[in-house]
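Engineer: So that we are looking at the same thing, I have put the structure below in structure tokens.
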Amino acid sequence: MISKPEKFISSIIWILSFSSIFCLLAFLYRIMPMHEAGLFILAPSLILIGILWIVAQKKNYHRLTLALKTGFWGGILGVLGYDLIRLPLHFLGLNPLTPIRSYGMYILNAPYSTLISDLAGFLYHFSNGITFAWIYTLIALGKNRWWAIAWGIGLELLAYATSFGEVYGLRTNLTAFGIGLGAHVFFGYPLGWLAEKPTLRLQKLLTIKKPLGIIGMIFGIGILISFFALAWEPISSLHTPQTLYLGPHALSAGWNRVEIDQSFTLQNTTQKDIRYEILRLNLEETLKATSSAEIQFPDPGIYQIRTPDNTWRSAFISIEEGGYPIK
């Protein structure tokens with residue numbers, strides 16, 4: 001029998017668990033900048049969840065503490081599954097980790113993406129996974145794992161239906177939407193597996209034999225190294241707001257932020273002409289060797305620039321109106 005105080009604390013934590021995704025949606029709906037939401041909503045909410053978790057342990061609220069513990073580890077496993085299945089797509093020339101990089105840029109209010117902002121985006125990505133897992137385990141602990149898979153798929157469908165789907169192009173890019181759906185299955189399955197029999201499987205997970213633990217640790221480190229090696233490509237040390245550099249080795253990949261009334265500069269630092277595309281504008285031009293071009297974007301949004309004649313990665317530009325990439 002769950003006591004009323006335990007139910008009350010559980011309800012408070014469940015509501016606070018929406019704070020992570022609220023940061024992004026509040027930004028995409030022009031409610032408040034993401035860095036302010038992170039500072040004044042997400043951070044205090046996570047601290048309060050930690051305090052309430054301690055209170056639940058001291059009060060011996062078994063189901064609540066089990067749900068929190070299961071959601072924490074289930075969220076981590078889910079995010080690893082979600083990312084692992086997408087990493088091979090990077091080798092195919094796709095950009096499956098692109099949104100993660102933008103989260104860090106927005107949450108730090110940075111003018112362009114860097115290793116530090118990408119790390120912040122990666123941590124925010126995990127906060128989403130863990131809080132989504134808490135939302136699930138606080139109401140569905142012990143349920144069949146297929147409910148968690150449905151929850152994962154539902155998250156992608158919500159992303160499609162919300163402003164996220166518009167800003168990040170899910171509604172116009174069925175490939176990206178399909179990748180997201182498949183990846184969310186791999187988020188939901190490990191979460192559901194753990195939440196299905198939480199006491200037994202947490203015990204197995206946290207008391208794993210040493211050789212397997214070492215292998216798992218190496219595997220996890222490998223995933224982290226893969227993220228930074230594949231998603232963050234330090235091809236150029238040149239970083240200037242509102243400027244994208246081409247060459248000499250490759251496109252200076254990453255993200256830039258530009259206000260709608262400002263122009264954006266493409267700078268060719270190579271000794272050869274480079275053809276580039278801006279997909280959303282259906283624009284294809286050639287930039288002469290060692291020259292530059294000024295581009296004015298017509299509407300707020302996320303724009304992808306790529307060089308189709310090279311194996312260089314795409315770069316992304318967040319064109320904003322008053323600090324938001326949407327009207």
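Engineer: Out of the residues in region 278-327 meeting the condition of being buried (at least 17 other Cβ atoms within 10 Å of the Cβ) and over 27 Å from Phe27 (Cβ atoms), tell me which one is nearest to the chain's Cα centre (by Cα).
Structural biologist: Trp312
Engineer: Which one of these does Asn60 not meet: (1) in a loop (DSSP other than H, G, I, E, B); (2) closer than 28 Å to Gly322 by Cα?
Structural biologist: Evaluating Asn60 over (1) in a loop (DSSP other than H, G, I, E, B); (2) closer than 28 Å to Gly322 by Cα leaves (2) as the failure.
Engineer: Another question, if that's okay. List pairs: first in region 263-274 and within 20 Å of Ser318 (Cα to Cα), second part of a loop (DSSP other than H, G, I, E, B), Cβ under 7 Å, 6+ apart or cross-chain?
Structural biologist: Listed by first residue and then by second, the contacts come to Ser263/Gln296; Phe264/Gln242; Phe264/Phe297; Thr265/Gln242.
Engineer: Continuing with the same structure: Being part of a helix (DSSP H, G or I) and free of Cβ contacts under 8 Å to residues at least 24 places away in the same chain is the filter here, so list the residues in region 10-43 that pass it. Spell out how you get there, then give the answer.
Structural biologist: Here is the first cut: in region 10-43, the ones part of a helix (DSSP H, G or I) are 10-16, 19-28, 34-43.
Selection gives Ser11, Ile15, Phe22, Ala26, Glu36, Ala37, Leu39, Phe40, Ile41, Ala43.
Engineer: Could I ask something else about it? Within the bounds of region 190-197, is there any residue that is assigned to a helix (DSSP H, G or I) and farther than 15 Å from Leu77 by Cα? Explain how you work it out, then say what you get.
Structural biologist: Kept after step one, since they are assigned to a helix (DSSP H, G or I), are these residues of region 190-197: 190-196.
Subsequent filtering for residues that are farther than 15 Å from Leu77 by Cα retains none.
Scanning region 190-197, I find no residue that is assigned to a helix (DSSP H, G or I) and farther than 15 Å from Leu77 by Cα, so the answer is no.
Engineer: Only one of these is at pLDDT 95 or above, in the same structural domain as Thr70 (by TED's automatic domain parsing), assigned to a loop (DSSP other than H, G, I, E, B) and over 30 Å from Lys7 (Cα atoms): Asn109, Asn95. Name it. Reasoning before the result, please.
Structural biologist: On the way: Asn95 fails: at pLDDT 95 or above.
Sole residue among the options that is at pLDDT 95 or above, in the same structural domain as Thr70 (by TED's automatic domain parsing), assigned to a loop (DSSP other than H, G, I, E, B) and over 30 Å from Lys7 (Cα atoms): Asn109.
The values are calculated or read from the model by the stated rules, or taken from the named source; none is laboratory data. None of the values given here were measured: they were computed from a predicted structure. We place every Cβ from the backbone using ideal geometry, glycine too, and count neighbours over all the protein chains shown.
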